[in-house]
Each structure stands twice: as C-alpha cells, then as structure tokens.
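What follows is a short report on a single structure.
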Amino acid sequence: MLLSPEFVLVKEITSNVPRSEFLESDLEQAAQLILKAEGIIKPLVLRTIGWESYEVVDGHFEYYAAVRAKEINPRDGERIGAFIIEGDKAEALEEQVEILRKKSSIYPVSEESTVIQ
C-alpha cells in the first residue's frame, strides 16, 4: 500500500461531523484562503466507503471549508488534496490519526516552550 496525496472531488466526500459544529465565519475565511492559495496546506485524511466515495477520518473543518470554497467558486473549489487510507494498513493508519489528534490537543505548543536557552 502506498500512502500518497491525491486530489479528490469535494462532492465525493462525506463527514460524520455536522457542519454546524464549526462557525460559518471561520469556514468562510478558510474557504477564501483555500481559493486564494489554490489549495490547502493540510490534506484531508479519508477512508474509502464505496466506488469514488470517501468519508473524512481527519480534517472535518478543512472538509467543510473546501465545501464552502466549492459553493463560492464551483470550478476552482472542485477538488481538495487528501490522503486516502485503504487496504491492509487502514486500521493502523486510522489509529495513528487518532493518537496524533489526541497528542496535538493535549500538548499545545506555546512560544515559551519553543525558545531554546
């Protein structure tokens, strides 16, 4: 199995997290930046759930920002970068995402902790 980024049609992606979990103003700002930069710096992590259909494993906010970008500009917001996890390593990769998500929320980086004395 090769884990490499791909461009996926936004319309082929679903999320089990409701859009209402995120502020529309934040989604709007992120969508505008996605369109301005012509892409997203943090690819989604997706699992295959059918033929050319995917579910978000990580990056729900980014997904809804991409949906909003597509609403604003259907042509330029049509695709988004994503890692698609599938095959025999899918379970290990999903566990990895979960652990990394927990660790990043438990240990926030502050300016003070990055200063070397």
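A few remarks follow.
- Selection status of Val97, assigned to a helix (DSSP H, G or I) and among the β-branched types (Val, Ile, Thr): yes
- Selection within the stretch 11-62 - crowded, with 17+ Cβ neighbours inside 10 Å and among the hydroxyl-bearing types (Ser, Thr, Tyr): Ser15, Tyr54
The numbers here are math on the coordinates, done by the rules we state, and not lab data. Bear in mind that the values here come from a model prediction, so they are computed numbers and not experimental data. Using ideal geometry, Cβ is built from the backbone for each residue, glycine included, and neighbour counts are taken over all protein chains shown.
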